[in-house]
Amino acid sequence: MAQAESGQAEDPFLWLEEITGERALEWVEGQNRVSALALAERPEFAALYQRLLSIYDSAARIPMVTARGGWYYNFWQDESRRRGVWRRTPAAAYAEPEPHWEVLLDIDALGRAEGENWVFKGAQCLYPRFERALINLSRGGGDAQVVREFDLGAREFVAGGFALPEAKGSLAWIDEDSVYVSTDFGPGSLTAAGYPRQVKIWRRGTPLAAAELVFEGQQSDVRVVAERVRGWVAGRLIERDFIQHVETFYSGALYLREGGELVRVPIPADAFAESFADQLLVTLRSDWTVTAAAEPVTWPRGATLAIGLDAFLAGARHFTALYTPGARKSQASLAVLHGALIVNELDEMQARAYVWRLDSGSWTCTEFPLPKGGHATLSAVDPDCDDAAFLIETSPLQPTTLGLVAAGARSPVRLKSAPAFFSAAGAKVEYANARSADGTQVPYFVVTPAGFVANGTAPTLLYAYGGFEIALLPPQYNATVGAAWLEAGGVYVRAGLRGGGEFGPEWHQAAKKENKQRSYDDLIAVALDLSARRITSAPHLGIRGGSNGGLLVGAVMVQRPELFGAVVCEVPLLDMRRYHRLLAGASWMGEYGDPDDPGEWDFISRYSPYQRVTARAEQPPVLFLSSTRDDRVHPGHARKMAAKMLGQGARVLYYENTEGGHAGAADNTQAAYMQALAYTFLARELR
């Protein structure tokens with residue numbers, strides 16, 4: 001066993017890692033009964049559950065869409081369609097109050113017909129006619145999926161068409177009769193993280209076993225994947241095939257495939273690349289020094305650069321900087337349109353947008369005037385057709401609106417508006433910073449309810465993530481938080497810790513591997529600041545996080561238990577001694593380090609919650625939420641931590657949904673139930 005090999009005492013709860021083991025599931029069922037009795041049987045639970053379910057099922061929600069070939073596609077779940085329907089409406093009809101939707105695939109009906117608990121995981125339509133699609137389906141919501149070819153006109157799966165068995169793989173269209181396939185091809189074809197390490201071309205009418213190998217990585221890699229991308233120059237279509245060789249979570253190699261040959265694109269191993277028109281776009285995660293016109297030029301991490309791909313492969317290094325970061329500003333996203341690019345920026349949490357156009361080899365930039373107040377972002381509508389963009393406006397207290405910005409326009413036409421799902425009268429939003437242990441200013445937003453008085457008694461929920469360069473700020477409209485927490489007098493706090501992406505790659509890299517403790521120091525700093533400002537105090541302060549955020553709240557709970565009155569820990573990593581041996585864990589060693597390396601285990605072991613928690617320190621009450629079908633973060637993390645803490649006499653509740661995957665829920669009923677559990681627990685402990 002890993003523990004014996006590494007000199008660790010044998011784990012007495014290792015049997016809980018047997019996901020569907022009889023003993024393990026009996027333990028789960030017993031804990032679920034205890035949690036349901038403690039929370040779901042409380043008188044306030046049923047009303048909260050029904051309130052949340054009515055929000056999730058509401059017909060007034062904005063049906064967010066993907067545009068292809070003159071159609072707007074949407075996936076929709078409600079009271080009568082629990083697993084949902086994939087549907088479409090003509091683009092011209094979408095702005096109507098109640099557009100007519102053509103149902104293409106009913107997931108509930110499909111599941112009943114096939115005796116499966118299918119969960120829809122997206123579709124990829126075939127350019128240029130968009131008459132065929134590759135449909136991704138998951139059993140119970142896990143990451144492993146089956147892929148099937150679908151005829152949109154006939155609204156049925158194609159008999160004898162492309163069909164991929166269940167795996168953490170993918171299909172990507174090349175043309176009507178061929179696809180790139182990455183999947184489990186048998187023994188030795190997967191990486192240690194469980195992802196494909198081979199890319200093949202699969203041609204229509206041939207067995208999968210006959211697919212032609214075009215690239216193979218190593219078993220120690222994360223994965224490999226291929227795709228065909230499109231761009232236009234003066235109305236001329238350019239198609240290029242790229243293979244992404246992901247060696248670690250943050251590094252790898254990019255290859256261009258032309259004429260059956262692979263050409264490595266010589267960008268830094270940790271850079272992110274995409275294409276636009278005939279251009280290569282490179283976003284840097286580390287500084288990059290190149291020589292242009294015989295002079296060395298150093299581009300900073302966080303910058304996005306553009307250059308003609310052919311010229312770059314021939315040796316040219318004359319980049320145009322489409323974005324250059326600052327100390328507290330970063331590129332939030334990059335939208336690729338038909339003939340333009342949009343750079344969305346966050347500057348000290350204020351949103352800005354810039355439109356870049358390429359004309360005869362020269363780039364020009366204009367700032368797009370975003371609405372004031374709240375947060376706004378621009379995204380592409382249909383890059384195959386034109387330069388139209390969607391404008392999404394949101395804030396913690398203002399319902400989300402969706403607008404359409406026509407090509408070349410400077411203001412949007414409002415398409416859809418969500419209703420107010422909770423009363424925000426008298427509530428306020430504040431932006432603040434807390435001083436972390438090393439002096440770094442950590443941003444956070446505080447949403448206070450009507451009648452709030454800063455006297456240290458307000459029940460307060462602090463939510464954070466702090467990892468993988470994912471940004472949580474600025475916060476958006478959250479009907480669940482509003483209905484379940486703010487309306488009941490709670491304060492909601494959302495923090496942007498180091499390790500996240502709020503201020504770009506530098507902010508993320510400041511809390512990786514040996515510096516991961518900085519994420520935890522940042523959360524502790526926000527908690528202390530909230531108490532110092534009398535917004536709340538330790539008995540009334542709860543923390544919540546999921547996945548890496550589950551590791552976050554688990555670590556700070558163990559390190560500073562006296563600061564918190566309750567903890568909600570969802571689909572978490574917690575046993576950092578074995579995380580790399582469980583499911584996709586090996587792919588995250590670029591974030592946390594390798595526990596089998598003694599030097600790296602030295603710093604991982606200092607915060608690993610499962611190894612650090614003891615009965616010597618009284619822990620705050622904890623609710624663990626997990627999913628049997630989570631095939632990304634192993635449910636054994638939460639199971640074992642709960643079992644260990646229960647054995648130490650801690651106040652622990654554990655609930656594991658049988659479906660849902662890493663999202664924790666497969667439909668609205670499950671989502672409402674899990675959320676109602678969490679907020680009932682928080683209200684019970686913090687009020």
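The values are calculated or read from the model by the stated rules, or taken from the named source; none is laboratory data. Since the structure is predicted, the reported quantities are computational estimates derived from the model, not experimental observations. Quick reminder, even Gly has a Cβ in these numbers, built from the backbone with ideal geometry, and neighbours come from all protein chains shown. Protein only, heavy atoms only, side chains kept; ligands, DNA and RNA dropped before computing areas. Shrake-Rupley method; radii C 1.70, N 1.55, O 1.52, S 1.80 Å.
Computed packing ranks the peptides 453-465, 234-246 as 453-465, 234-246, most packed first, by mean other Cβ atoms within 10 Å. Spacing of the modelled spin labels on residue 127 and residue 102, each 7 Å from Cα toward Cβ, amounts to 2.2 nm.
Rg over Rh for the range 17-118 works out to 1.13, using Cα positions for both radii and the Kirkwood form for Rh. Sorting 200, 329 by accessible area puts them as 329, 200; the probe is 1.4 Å, largest comes first, and only protein heavy atoms count. With contacts taken as Cα pairs under 8 Å at a separation of at least 6 residues, the range 227-329 carries a relative contact order of 17 percent. Calculated accessible area for the chain comes out at 40 Å² per residue, all protein chains present (probe 1.4 Å; ligands, DNA, RNA ignored). With one equal scatterer per alpha carbon and no solvent term, the Debye-computed log10 I(q)/I(0) for the chain at 0.05, 0.06, 0.11 1/Å reads -0.24, -0.35, -1.35.
Cross-link partners of residue 513 among lysines, defined as those whose alpha carbon lies under 24 angstrom from its own and excluding same-chain residues fewer than eight positions apart: 329, 640. Normalised size of the range 558-687, defined as Cα radius of gyration per 2.2 N^0.38 Å with N residues, equals 1.09.
The range 280-315 and the range 319-343 have Cα centres separated by 14 Å. About its Cα centre, the chain has a charge dipole of approximately 1460 debye under the convention of +1 per Lys or Arg Cβ and -1 per Asp or Glu Cβ, with nothing else charged.
Share of carbon and sulfur in the accessible area of the range 236-349 stands at 50%, probe radius 1.4 Å. The packing ranking, built from the mean of other Cβ atoms within 10 Å per residue, places the peptides 626-633, 670-677 in the order 626-633, 670-677, highest first. Here the range 193-233 exposes an accessible surface that is 46 percent carbon and sulfur, computed with a 1.4 Å probe and the other protein chains kept in place.
Each of residue 437 and residue 209 was given a label point 7 Å from its Cα along the Cα-to-Cβ line. The distance between the two points is 5.7 nm. In terms of packing, defined here as the mean over residues of other Cβ atoms within 10 angstrom, the peptides 438-446, 135-143, 315-323 line up highest first as 135-143, 438-446, 315-323. Each of 524, 321, 210 was scored by the projection of its Cα onto the charge dipole of the chain, and the greatest displacement toward the positive side belongs to 524; charges sit on the C-beta of Lys, Arg, Asp and Glu. The dipole here belongs to the range 518-634: it is taken about the Cα centre, uses +1 on the Cβ of Lys and Arg and -1 on the Cβ of Asp and Glu, and is about 380 debye. Cα centroids of the range 185-222 and the range 421-463: 49 Å apart.
With both residues required to sit in the range 429-540, DSSP beta bridges show an antiparallel share near 70%.
Quick check: at a probe of 1.4 Å, how many percent of the accessible area of the range 1-117 sits on carbon and sulfur atoms? Carbon-and-sulfur percentage of accessible area, whole number: 53. For the chain, adding -39500 (n - 2.57) for each run of n ≥ 4 DSSP H residues and dividing by the number of residues yields -5500 deg cm²/dmol at 222 nm. Note: relative contact order over the chain, using C-alpha pairs below 8 Å and six or more positions apart, is 11 percent. The calculated FRET efficiency for residue 360 paired with residue 264, based on their beta-carbon distance and R0 = 22 Å, is about 0.15. A 1.4 Å probe over all protein chains sorts 536, 377 by accessible area into 377, 536, starting with the largest. Taking all Cα pairs closer than 8 Å and separated by 6 or more residues, the relative contact order of the range 37-174 comes to 13 percent. With a simple spin-label model that places each label point 7 Å from the Cα along the Cα-to-Cβ direction, the separation between residue 44 and residue 321 comes to 5.2 nm. Surface calculation, 1.4 Å probe, protein heavy atoms: residue 126 sits at approximately 20 Å² accessible.
Note on the range 6-145: dipole from Cβ charges, positive end direction compared against 31, 141, 60; the farthest Cα belongs to 60.
For residue 562 and residue 457, a Förster radius of 22 Å and the Cβ-Cβ distance give a FRET efficiency of 0.80, rounded to the nearest 0.05. For the range 465-512 and the range 613-687, compute the distance between their C-alpha centroids and round to whole Å. Rounded to whole Å, the Cα centres lie 20 Å apart.
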